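Everything on this sheet refers to the single structure shown next.
The values are calculated or read from the model by the stated rules, or taken from the named source; none is laboratory data. The structure displayed is predicted, hence computed values, not measured ones. Note that we place each Cβ from the backbone using ideal geometry, even for glycine, and neighbour counts take in every protein chain shown. Accessible surface areas use protein heavy atoms only, side chains included; no ligands, DNA or RNA. Shrake-Rupley method; radii C 1.70, N 1.55, O 1.52, S 1.80 Å.
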Amino acid sequence: VHIDDLADLYIILLRNLLINGGKDIKTGKEGYYFAEVGVHYWKDISSRIARLLKEHKVLDNDSVAQLEPKDIRKLADGFEFAPLLWGTNAVSKAELGREYGWEPKFTTADLLHDIEASVDRAVERLGN
């Protein structure tokens, strides 16, 4: 979710809470709000970053490795359950936010485009 879209959702909720005392929105156990713009896969994002880094000649190839549980634990400072969390899948729907008029303006395609700009900035910093 783009930060601007998330901010828009917060504004809708905060306005209602501050102006109407929250009487027009769900709160408590029923007021759990997700923000989403559709589906993306972390492997696709990793592959995109690897491909961009190869184009910048930071990497020799654009392959993305699959990690073994022991390697994941090492990356997570020995956290025993890290391998179980690393490859999990979660799908969230922004149903409540949309009920109150929230609609994201940015898409998964925008996310992938933003990754390109972020990699460009990171490579530039590496060169300095």
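Annotations for the structure displayed:
- Of all residues in the range 1-27, those satisfying the criterion of being open to solvent by less than 60 Å² (accessible area, probe 1.4 Å) and not hydrophobic (A, V, I, L, M, F, W, C) are HIS2, ASP5, ASP8, ASN16, ASN20, GLY22.
- In the range 72-85, the qualifying residues are those that are among the charged types (D, E, K, R) and surrounded by fewer than 14 Cβ atoms within 10 Å (Cβ to Cβ), and the one that is farthest from TYR33 (Cα to Cα) is LYS74.
- Residue in the range 102-114 that is surrounded by fewer than 14 Cβ atoms within 10 Å (Cβ to Cβ) and in a loop (DSSP other than H, G, I, E, B) present: yes
- Failed item, numbered, when THR88 is tested on (1) open to solvent by 70 Å² or more (accessible area, probe 1.4 Å); (2) farther than 25 Å from ARG51 by Cα; (3) not in a helix (DSSP H, G or I): (2)
- Helices (runs of 4 or more DSSP H) wholly inside the range 2-84 that include at least 2 residues being free of Cβ contacts under 8 Å to residues at least 12 places away in the same chain and either within 28 Å of GLU95 (Cα to Cα) or under 20 Å from the mean Cα position of the chain (by Cα) (or both): 3-20, 42-55
- Flag for ARG98 being modelled with pLDDT of 95 or more, more than 30 Å from GLY127 (Cβ to Cβ), basic (Lys, Arg) and surrounded by 11 or more Cβ atoms within 10 Å (Cβ to Cβ): yes
- ILE45 being among the aliphatic types (A, V, I, L, M) and closer than 26 Å to GLU124 by Cα: yes
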